[in-house]
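The values are calculated or read from the model by the stated rules, or taken from the named source; none is laboratory data. Given the structure is predicted, the values throughout are model-derived calculations rather than measurements. Don't worry about glycine lacking a Cβ; one is built from the backbone with ideal geometry, like all the others, and counts go over all protein chains shown. Side chains included, ligands, DNA and RNA excluded: accessible areas come from the protein's heavy atoms. Shrake-Rupley method; radii C 1.70, N 1.55, O 1.52, S 1.80 Å.
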Amino acid sequence: MQPNLLRRAQKLTHRPAFWGFLFISPWLIGFLIFTAGPMLTSLYLSFHKYDLSSITYVGGENYRRLLVEDPLFWKALKNTLFYASVSVPLGISASLAIALLLNQNVKGLKLFRTCFYLPSLVPSVAAALVWEWVFNSDNGILNTSLRMIGVTGPQWLQDERATPWAFAMMSLWGVGGARMVIFLAGLQGIPDSYYEAAKLDGASGWKCFRNVTLPMLSPVMFFNLVLGIIGSFQVFTSAYVMTGGGPNHASLFYALYLFQNAFEYLKLGKASAMAWILFSILLVLTYIQFRTSKRWVYYEGGDK
Amino acid sequence: MKRTHRDGHPATRTLVYGLLILGAILFTVPFVWTLATALKSGEEFASDPGRVIPKQFVWDNFHKAWTALPFARFMVNTVMITAITTVASVISGSIVAYGFSRFEFRARNFLFYTMLATMMLPGQVTQIPVFMIWRQLHAIDTYYPLIVPAFFGGGAFNIFLLRQFFLGIPKELDEAAMIDGASYIKIYWRILMPLSGPVLATVALFSYLGQWDNFEGPLIYLNTPEKYTVSIGLRMFQDSFGTNFEQVMAASVLHILPTIILFFFAQRYFLRGINLSGIGGR
């Protein structure tokens, strides 16, 4: 029996499938321990009251309280929706615009590309500190510049009407990062012959952009849109460092409120329920995008 | 490259350059201003905050920022954590990508798409249970929670980038080596890895950035100030020295600098790694 087992083991190691599975196993094990297991646990916790020492089953109470009795939950959700609806479209348009400009066979491409890329390399805490002083109402560079053209800027981080805009504006600083590079890669992947064919048909400028560039770029656009929305719903560090959620909860974003509930108030059941509400919202939004994508995303040669 | 046909009209060219220069200035202003502020005296900042070149360069701000807190300590901690997680992500990620790109096995595509789908999962869903795991293992206030996850592939996006790159390397190379009797491990290490410089550099830079920038992780897991990383150390600095703009800016510059230096060295490989892996578009 022993030699039989050995032979079977030997046979197994001769099969490529065994090796393939072995090589991906680090990810699979990590997925089970750090993703799949925790997802189930978190769903379980969301129906309980849990503070690290005692756990009680409360049914849907966490969800009910959040949705019906917690004005801050709605405030945080509204803040986040506003942030997403401003920063995602602006961010995608700006990163596409930069990519288009950089793709114009310009001189000094490397220098320009570096200028646009560098801000996205700044660690988020350092970025938050820098912007805190950019927005400083007396000495900040923003209001100092505005004063030069005779405009009195608002108190960006103290006035609750201005704060949401300040955060949206700050998010634009990073648009030259990965998103822009992905657009640029997409632009460079469009074969020149397509433009030449369009030109022969008498299309130029805007028409070329509308009928060649945009459709060819739509898969990349879709990728950026899906991940951009998901990312914008998780804005955390900047608000935590710059305002702590203030003034008057104007920058209390969803992820910040969730973090406070989890690690400051130790309401881990409530925080888990918040996480699942967030996940559900993102699932619905992503599903809608995938459904509507068939109408505007163009995949060359079918499915790839 | 192959873009000559888009050279266009002189007026268009002027517009393109005008917009590029304007944009480049807007994007660099916060940098220049941060550096300028970091070099000013407190009085000059108060009286003339907009001035780009300080009247007098106060290098002492850096010295003060460095010594006011155990900043050197934070730097050493962060470098250590980041170095380990970066190497671990590159190696484990490329092994996983090798498995996904070169082998047929049951449920491979299902597992691959599952992996891609995890990119859409907000971290908040798993955060609390993962915290409970580490607490159970008595690993709160240690570096394990920050380091260990990197050994499991280093994240879906990195694995995806690596796999895309590996798919572009001709399989004939593997097959030829196999006929010569090379093992799978040898093929991975001697054939795929040496040919993958750009994407390895890209993934290394992403992993580095992810960890160097990591704020929420250290915030949740580290309690003892001596164990802090730069990002939460900087936040602590803001609390205690928040009114000395110049010093806060000097400390921020110290946090940014290593990344920028690294980027300049990795730049050549980095952008090629992304270009070649192109997403969705082809």
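Summary table
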{"quantity": "Residues being outside any helix (DSSP H, G or I) and either open to solvent by less than 20 Å² (accessible area, probe 1.4 Å) or facing chain A (nearest Cβ under 7 Å) (or both) - total across segment B:124-153", "calculated": "2"}
{"quantity": "Count of residues meeting criterion [more than 9 Å from every other protein chain (Cβ to nearest Cβ) and of a type in the set (Gly, Ala, Ser)] in segment B:108-123", "calculated": "1"}
{"quantity": "Selection from segment A:90-113 of residues that are in a helix (DSSP H, G or I) and either buried (at least 17 other Cβ atoms within 10 Å of the Cβ) or touching a Gly at 6+ places or on another chain (Cβ under 8 Å) (or both)", "calculated": "A:GLY91, A:ILE92, A:ALA94, A:SER95, A:LEU96, A:ILE98, A:ALA99, A:LEU100, A:LEU101, A:LEU102, A:PHE112, A:ARG113"}
{"quantity": "Segment A:50-68, subset within 30 Å of the chain's Cα centre (by Cα) and among the hydroxyl-bearing types (Ser, Thr, Tyr), residue farthest from A:TRP276 (Cα to Cα)", "calculated": "A:TYR50"}
{"quantity": "Any hit, segment A:138-147, residues being more than 8 Å from chain B (Cβ to nearest Cβ), surrounded by fewer than 17 Cβ atoms within 10 Å (Cβ to Cβ) and assigned to a helix (DSSP H, G or I)", "calculated": "yes"}
{"quantity": "Condition check for A:VAL235: modelled with pLDDT of 90 or more and open to solvent by less than 20 Å² (accessible area, probe 1.4 Å)", "calculated": "yes"}
{"quantity": "Some residue of segment B:67-80 being more than 18 Å from B:LEU219 (Cα to Cα), open to solvent by 20 Å² or more (accessible area, probe 1.4 Å), out of contact with any Asp or Glu (no Cβ under 7 Å at 6 or more places or on another chain) and facing another protein chain (nearest Cβ under 10 Å)", "calculated": "no"}
{"quantity": "Members of segment A:229-245 found to be more than 21 Å from B:LEU121 (Cβ to Cβ) and more than 9 Å from every other protein chain (Cβ to nearest Cβ), listed by number", "calculated": "A:SER238, A:ALA239, A:MET242, A:THR243, A:GLY244, A:GLY245"}
{"quantity": "Those residues of segment A:31-52 which are open to solvent by 50 Å² or more (accessible area, probe 1.4 Å) and part of a strand (DSSP E or B), in sequence order", "calculated": "A:LYS49"}
{"quantity": "Number of the exception - A:SER124 against (1) within 22 Å of A:LEU258 (Cα to Cα); (2) more than 8 Å from every other protein chain (Cβ to nearest Cβ); (3) touching a residue at least 60 places away in the same chain (Cβ under 8 Å); (4) of a type in the set (S, T, N, Q)", "calculated": "(2)"}
{"quantity": "The listed residue being assigned to a loop (DSSP other than H, G, I, E, B), touching a residue at least 40 places away in the same chain (Cβ under 8 Å) and more than 17 Å from the chain's Cα centre (by Cα), out of A:PRO247, A:PRO215", "calculated": "A:PRO247"}
{"quantity": "All positions within segment A:184-212 that are charged (D, E, K, R) and not in a helix (DSSP H, G or I)", "calculated": "A:ASP201"}
{"quantity": "Residue in segment B:211-227 that is open to solvent by 60 Å² or more (accessible area, probe 1.4 Å) and within 13 Å of chain A (Cβ to nearest Cβ) present", "calculated": "yes"}
{"quantity": "Which listed residue is open to solvent by less than 10 Å² (accessible area, probe 1.4 Å) and either within 24 Å of the chain's Cα centre (by Cα) or on the phi < 0 side of the Ramachandran plot (or both), from B:PHE110, B:PHE103", "calculated": "B:PHE103"}
{"quantity": "Check on B:THR34, in contact (Cβ under 8 Å) with a residue 12 or more places away in the chain, within 7 Å of chain A (Cβ to nearest Cβ), in contact with a helix residue (DSSP H, G or I) (Cβ under 9 Å, 6 or more places away or on another chain) and over 30 Å from A:PRO16 (Cβ atoms)", "calculated": "yes"}
{"quantity": "Some residue of segment B:10-28 being touching a residue at least 40 places away in the same chain (Cβ under 8 Å), facing chain A (nearest Cβ under 10 Å) and open to solvent by less than 30 Å² (accessible area, probe 1.4 Å)", "calculated": "no"}
{"quantity": "Index of the failed condition, A:ARG179 passing every other in (1) within 9 Å of chain B (Cβ to nearest Cβ); (2) closer than 29 Å to A:TYR257 by Cα; (3) touching a residue at least 12 places away in the same chain (Cβ under 8 Å); (4) not small (Gly, Ala, Ser)", "calculated": "(1)"}
{"quantity": "Residue among B:PHE157, B:PHE166 that is surrounded by 18 or more Cβ atoms within 10 Å (Cβ to Cβ), more than 29 Å from B:HIS255 (Cα to Cα) and either in contact with a helix residue (DSSP H, G or I) (Cβ under 8 Å, 6 or more places away or on another chain) or at pLDDT 90 or above (or both)", "calculated": "B:PHE166"}
{"quantity": "Some residue of segment B:188-202 being facing another protein chain (nearest Cβ under 9 Å), closer than 21 Å to A:PHE21 by Cα and part of a helix (DSSP H, G or I)", "calculated": "yes"}
{"quantity": "Flag for A:ILE55 being farther than 29 Å from A:PRO119 by Cβ, in contact with a Phe, Trp or Tyr (Cβ under 9 Å, 6 or more places away or on another chain) and open to solvent by 70 Å² or more (accessible area, probe 1.4 Å)", "calculated": "no"}
{"quantity": "Sole exception among (1) in contact with a helix residue (DSSP H, G or I) (Cβ under 9 Å, 6 or more places away or on another chain); (2) within 23 Å of B:LEU234 (Cα to Cα) for A:GLN158, by number", "calculated": "(1)"}
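Residue-by-condition table, conditions (1) within 8 Å of chain B (Cβ to nearest Cβ); (2) touching a residue at least 12 places away in the same chain (Cβ under 8 Å):
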{"site": "A:LEU5", "(1), (2)": "no, no"}
{"site": "A:TRP19", "(1), (2)": "yes, no"}
{"site": "A:PRO26", "(1), (2)": "yes, no"}
{"site": "A:ILE29", "(1), (2)": "yes, no"}
{"site": "A:LEU43", "(1), (2)": "no, yes"}
{"site": "A:PHE47", "(1), (2)": "no, yes"}
